[in-house]
Amino acid sequence: MTTAKTDGAVGERPAAPATPAGPRERERMRRRAARRRGGGWWPYLFLAPWFAGLFGLTVYPMLDSLYLSFTDFDLLTPAKWIGAQNYTHMFSDDPVFWDSVHATLLYVLVSVPLKLALALGVAILLNRPLKGIGVYRAAFYLPSLLGGAVAVAIVWRQVFGGDGLFNDFLGWFGIKGQDWISSPDTSIYTLILLAVWQFGTPMVIFLAGLKQLPKDVYEAAAIDGAGTLTRFFRITLPLLTPIVFFNLVLQIIDGFKTFTPAYVVSNGTGGPLDSTMLYSLYLYKKGFTDLQMGYASALAWVLFLVIAGFTAVNFIAGRYWVHYDDDID
Amino acid sequence: MQQAARPGEAAPARRASTTHAPVPQRPAGDPSRTLREDPVGHQISRRTLFRTAGGLAAAGALGATLTACAGGTGAGSDSGDLTMTWWGSDERHAAYKKALATFQKNNPKIKIETRYSGYDGYFDKFNTQVAGGSAPDLLQMDTALVAQYARKGILAPLDSYVGKSLDLTGFSKTLLAAGTVDGKLYGVPSGIGVNQLTVNRTGLEKLGLKLPEREWTWNDLKAVATQVHKKSGGKIYGVDDGGGSTLQCFEIFAREKGQPFFSDDGKKLGFSADTLQEWWEFWAGMRRDNASPPPAVTSAAHNDLTKNAVVIGKALFTFDSGVYGAGGSITDAQLDFLPTPQGDWSGAREGNFVNGGVLLSATKASKKAADSVKIMDFFAQDPTAIKDMRLLRGIPPTEKARSLISAGLNETDKLNMAMADYISQRVSKATDALPAPVPPPGGADQIWDLLFQSNLAVAFGKKTIKAQASEFFDQAQSILAG
């Protein structure tokens with residue numbers, strides 16, 4: 001078989017078979033087509049463990065907690081339906097709820113921007129061809145690995161306690177410190193500091209983003225005489241906005257869910273005076289200590305809606321400041 | 001609450017490989033589109049990558065906040081070993097284990113699995129286990145919580161065993177009342193609990209001060225505590241802040257005025273707002289005169305015995321019974337003991353009372369109640385168990401037990417036991433005193449916590465005494481109303 005010269009335009013496309021396929025060939029094609037359409041039951045067999053996890057450990061407990069949020073449930077005796085009472089009580093008659101909302105918002109809104117700024121700053125410093133750079137990167141990432149650990153929170157308690165290291169440090173400069181952990185005006189800031197210190201995860205993501213930035217743009221900018229600051233604000237930051245956005249969304253969600261540091265640093269009390277009563281800690285206390293699991297479930301759903309709200313706002317606001325390079329046409 | 005955003009983290013790769021057709025080829029006519037090719041040959045634009053990754057990670061993280069908060073009730077454990085739990089200090093753990101080893105030798109058929117921890121989180125865990133159907137068969141119970149669990153039907157009534165496999169000879173009626181709820185026995189008290197003030201005697205003597213008399217008043221306490229601060233050159237305060245201290249402190253103050261902490265039906269507070277204000281004013285004065293430490297010290301010790309003002313050397317008197325007694329000593333100083341002061345000393349109106357230390361209770365869902373009762377009986381009557389436990393669960397409940405251990409006691413234990421004896425005698429001699437407190441109603445622990453927090457709010461200057469007292473009554477009432 002020969003191809004006509006005039007057919008050159010479609011030369012790359014596989015030509016239709018000149019002769020009809022035999023029955024075996026047709027069967028094979030049918031099966032291949034069925035596979036492409038995703039037919040057959042056996043892929044689901046392989047997915048079954050995942051589905052079991054999804055429905056058993058996520059969907060069912062979520063729906064169950066939605067039901068429980070409308071009940072009075074003390075964990076020990078059967079749940080009683082009470083309608084929206086948990087929700088109305090929360091907003092109208094629970095001062096600790098508002099304390100926890102206040103502490104959590106303060107925690108998230110202060111710690112996340114600081115953490116991202118620090119993460120980006122360090123990522124830029126670590127994005128250099130230095131000798132032993134791997135060691136530095138590991139060293140800066142380390143706090144994040146340890147971050148969730150109870151041990152670190154315990155150390156924090158000691159460092160910022162009345163006779164702690166931090167006050168010793170202030171003492172060198174002749175400043176008389178106070179007990180930072182157990183004063184209601186400062187305790188939340190020790191938690192914020194702990195969160196900011198764990199900037200490793202967003203830092204690694206920033207670092208990956210920085211590696212992708214096109215070098216030629218910087219070279220062009222250098223020729224045009226752009227200084228370090230100009231290059232950062234006019235090139236690096238705009239090109240990184242998708243990554244800033246990604247980190248922002250995740251860190252805000254993580255921030256709202258913070259539990260361990262508050263639990264450990266305050267000895268499970270959320271004190272002093274509810275100043276470290278982060279929302280998750282209050283939720284835990286209500287459910288497992290005060291035996292109000294129905295109320296705790298309602299709290300969880302409010303948290304869910306608040307996080308969903310923040311995330312939605314982020315995505316909407318993101319349209320105005322996040323630049324994807326495929327937008328530049 | 002600590003679930004990681006597992007589905008979200010895995011999501012980007014999965015999403016990318018299913019939504020993009022596997023055509024490793026640049027779309028014609030759009031040269032400016034930047035495409036990234038992954039090793040398998042799939043294409044992902046950065047926009048898609050970050051949008052889907054962000055969105056899915058967000059969704060996964062959101063889901064995790066909800067799934068942690070559901071549960072259901074179930075039946076008790078049915079097979080395997082008998083499980084027993086308790087909380088306490090290392091000394092108490094060792095003593096329990098030693099005693100149980102003897103029990104095992106005599107009862108090789110009963111297999112016991114023990115789990116123990118500190119008090120923190122002990123009941124959180126128990127609640128979860130009950131809900132999940134894996135509650136222990138036998139547990140150490142808190143006198144403050146026994147009524148709550150008994151009324152919810154979690155604990156097994158023990159009356160049918162008493163006099164048969166459970167020998168309670170020598171237990172006084174007042175003592176058994178600590179484990180009795182609505183007329184039924186739900187826990188065997190481990191010992192006499194009295195509220196003593198623990199004193200660092202070494203520290204006091206170093207400052208040239210004498211131990212106050214046993215029959216003393218709140219004003220005497222103030223006098224000696226102020227002296228401590230003066231003589232130590234301002235380094236040490238006298239007594240840790242008792243303004244938010246409940247059982248050991250305020251309850252005694254109110255009872256002496258004829259006001260119990262909770263009303264008999266457990267539906268109201270038994271004391272008046274005036275009593276509470278008078279109490280907080282006394283402690284405000286103590287802080288003003290440096291007889292008590294500033295609130296940061298008090299606040300740091302909340303739920304943390306190692307930060308107690310006496311343990312860290314910031315005070316010489318403490319109301320926290322944990323510094324010595326049930327948990328063993330956690331300071332090196334020679335300690336001594338005093339009864340909680342009274343307001344107006346007549347002896348007839350006694351605010352002090354006797355309770356049951358800790359208790360041993362069996363769970364209702366357990367199928368090993370008979371074996372659990374055998375262990376309770378062993379701890380109540382067996383000489384080796386009594387000797388092993390010494391004072392680690394309170395002053396032993398029976399005369400026989402007290403005489404068994406008296407020979408082997410160290411100096412501090414002896415002083416502790418003598419003071420407990422003295423207080424319980426004083427309580428029984430009082431003619432115009434309230435009966436022993438009713439078992440605390442559900443929500444009691446929230447109200448005690450509220451008292452602590454309220455005292456701190458006053459001490460930190462966030463609220464006036466008057467405003468905080470009325471807020472306390474409002475919130476306590478709302479907790480008791482359920």
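The values are calculated or read from the model by the stated rules, or taken from the named source; none is laboratory data. All of these numbers come straight from a predicted model, not from anything done at the bench. Note: ideal-geometry Cβ built from the backbone for every residue, glycine included; neighbour counts use all protein chains shown. When the accessible area is computed, the model is the full protein with side chains, heavy atoms only, and any ligands, DNA or RNA have been set aside. Shrake-Rupley method; radii C 1.70, N 1.55, O 1.52, S 1.80 Å.
In the stretch A:205-228, is there at least one residue being polar (S, T, N, Q) and surrounded by fewer than 17 Cβ atoms within 10 Å (Cβ to Cβ)? Write out each step before concluding.
Taking the stretch A:205-228 as the starting set, the residues that turn out to be polar (S, T, N, Q) are A:212, A:228.
Subset that is surrounded by fewer than 17 Cβ atoms within 10 Å (Cβ to Cβ): A:212, A:228.
Yes, the conditions are met somewhere in the stretch A:205-228.
A:Leu146 - would you say it is within 29 Å of A:Asp274 (Cα to Cα), open to solvent by less than 30 Å² (accessible area, probe 1.4 Å) and more than 14 Å from chain B (Cβ to nearest Cβ)? First the steps, then the outcome.
On the way: within 29 Å of A:Asp274 (Cα to Cα): yes; open to solvent by less than 30 Å² (accessible area, probe 1.4 Å): no; more than 14 Å from chain B (Cβ to nearest Cβ): yes.
Judged against the criteria, A:Leu146 is not a match.
How do the pairs read when you match residues in the stretch B:148-168 that are part of a helix (DSSP H, G or I) with residues anywhere that are surrounded by fewer than 18 Cβ atoms within 10 Å (Cβ to Cβ), using Cβ under 7 Å and keeping only pairs 6 or more apart or on different chains?
Pairs that qualify, where the first residue is part of a helix (DSSP H, G or I) and the partner is surrounded by fewer than 18 Cβ atoms within 10 Å (Cβ to Cβ), are B:Asp159/B:Lys184.
Yes/no per residue for (1) touching a residue at least 60 places away in the same chain (Cβ under 8 Å); (2) assigned to a strand (DSSP E or B); (3) open to solvent by 20 Å² or more (accessible area, probe 1.4 Å); (4) within 14 Å of another protein chain (Cβ to nearest Cβ):
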residue	(1), (2), (3), (4)
B:Gly351	yes, no, no, no
B:Lys400	yes, no, yes, no
B:Ala420	yes, no, no, no
B:Ser424	yes, no, yes, no
B:Thr431	yes, no, yes, no
B:Gln446	no, no, yes, yes
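How about the stretch A:233-253: which of its residues are more than 16 Å from A:Ala123 (Cβ to Cβ), more than 7 Å from chain B (Cβ to nearest Cβ) and modelled with pLDDT of 90 or more?
Across the stretch A:233-253, the qualifying residue is only A:Ile252.
Determine if the stretch A:72-82 includes at least one residue that is surrounded by 16 or more Cβ atoms within 10 Å (Cβ to Cβ) and assigned to a helix (DSSP H, G or I).
Taking every residue of the stretch A:72-82 in turn, none turns out to be surrounded by 16 or more Cβ atoms within 10 Å (Cβ to Cβ) and assigned to a helix (DSSP H, G or I).
Restricting attention to the stretch B:236-256, and to residues there that are of a type in the set (Ser, Thr, Tyr) and not in a helix (DSSP H, G or I), which single residue is nearest to B:Pro435 (Cα to Cα)?
B:Ser245
If you check every pair at least six apart or on different chains, which have Cβ atoms under 6 Å apart with a residue in the stretch B:286-314 that is away from every other protein chain (no Cβ under 13 Å) first and a residue that is assigned to a loop (DSSP other than H, G, I, E, B) second?
What qualifies is B:Met286/B:Ser292; B:Ser292/B:Asp241.
Out of the residues in the stretch A:168-188 that are touching a residue at least 60 places away in the same chain (Cβ under 8 Å) and either more than 10 Å from chain B (Cβ to nearest Cβ) or of a type in the set (Asp, Glu) (or both), which is most open to solvent (accessible area, probe 1.4 Å)?
Looking only at the stretch A:168-188, we keep the residues that are touching a residue at least 60 places away in the same chain (Cβ under 8 Å), and these are A:181-185, A:187-188.
Now narrow it down to the ones that are either more than 10 Å from chain B (Cβ to nearest Cβ) or of a type in the set (Asp, Glu) (or both): A:185, A:188.
Values: A:Asp185: 95, A:Ile188: 8 Å².
Once the filter is applied, the top-ranked residue is A:Asp185.
Looking only at the stretch A:276-303, which residues are within 14 Å of A:Val96 (Cβ to Cβ), open to solvent by 10 Å² or more (accessible area, probe 1.4 Å) and at the interface with chain B (Cβ under 7 Å from one of its Cβ atoms)?
Across the stretch A:276-303, the qualifying residues are A:Tyr284, A:Thr289, A:Asp290.
Within the stretch B:433-444, take every residue that is part of a loop (DSSP other than H, G, I, E, B) and within 12 Å of chain A (Cβ to nearest Cβ) and give me the one that is least open to solvent (accessible area, probe 1.4 Å).
In the first step, residues of the stretch B:433-444 are kept if they are part of a loop (DSSP other than H, G, I, E, B); the result is B:433-443.
Narrowing further to those that are within 12 Å of chain A (Cβ to nearest Cβ): B:442-443.
Numbers: B:Gly442: 43, B:Gly443: 11 Å².
Per the stated criteria, the residue is B:Gly443.
Where residues in the stretch B:169-205 are over 17 Å from B:Pro397 (Cα atoms) and part of a loop (DSSP other than H, G, I, E, B), which of them is least open to solvent (accessible area, probe 1.4 Å)?
Looking at the filtered set, the residue picked out is B:Gly183.
Limited to the stretch B:257-271, what total is found for residues that are at pLDDT below 90 and either assigned to a helix (DSSP H, G or I) or touching a Phe, Trp or Tyr at 6+ places or on another chain (Cβ under 6 Å) (or both)?
0
Working only within the stretch B:375-390, note down all residues that are in contact with a Phe, Trp or Tyr (Cβ under 9 Å, 6 or more places away or on another chain) and outside any helix (DSSP H, G or I).
B:Asp382
Identify all residues within the stretch B:160-185 that are over 29 Å from B:Gln425 (Cβ atoms) and out of contact with any Asp or Glu (no Cβ under 7 Å at 6 or more places or on another chain); write none if there are none.
Result: B:Ser160, B:Tyr161, B:Lys164, B:Asp182.
Please find, among B:Leu82, B:Leu66, B:Leu100, the residue that is farther than 26 Å from B:Thr306 by Cα, modelled with pLDDT under 90 and not charged (D, E, K, R).
On the way: B:Leu82 fails: modelled with pLDDT under 90; B:Leu100 fails: modelled with pLDDT under 90.
On inspection, the qualifying residue turns out to be B:Leu66.
I'd like the full set of residues that are under 20 Å from the mean Cα position of the chain (by Cα), open to solvent by 10 Å² or more (accessible area, probe 1.4 Å) and among the polar types (S, T, N, Q), limited to the stretch A:246-275.
Within the stretch A:246-275, A:Gln251, A:Thr258, A:Thr260 qualify.
Output the residue which, of all residues in the stretch A:154-167 that are without any contact (Cβ under 8 Å) to a residue 24 or more places away in the chain and within 11 Å of another protein chain (Cβ to nearest Cβ), is most open to solvent (accessible area, probe 1.4 Å).
From the stretch A:154-167, those without any contact (Cβ under 8 Å) to a residue 24 or more places away in the chain are A:155, A:158-159, A:161-167; that's our starting set.
Subset that is within 11 Å of another protein chain (Cβ to nearest Cβ): A:158, A:161-164.
On the way: A:Gln158: 103, A:Gly161: 11, A:Gly162: 34, A:Asp163: 130, A:Gly164: 3 Å².
Applying the filter and picking the extreme gives A:Asp163.
Failed condition for A:Met90, given (1) away from chain B (no Cβ under 11 Å); (2) open to solvent by less than 40 Å² (accessible area, probe 1.4 Å); (3) at pLDDT below 90, with all others met?
A:Met90 satisfies all of (1) away from chain B (no Cβ under 11 Å); (2) open to solvent by less than 40 Å² (accessible area, probe 1.4 Å); (3) at pLDDT below 90 except (3).
What are the residues in the stretch A:304-329 that are more than 9 Å from chain B (Cβ to nearest Cβ) and either buried (at least 20 other Cβ atoms within 10 Å of the Cβ) or outside any helix (DSSP H, G or I) (or both), if any? I'd like the intermediate steps shown before the answer.
Here is the first cut: in the stretch A:304-329, the residues more than 9 Å from chain B (Cβ to nearest Cβ) are A:305-306, A:309-310, A:312-313, A:316-317, A:319-321, A:323.
Across the stretch A:304-329, the qualifying residue is only A:His323.
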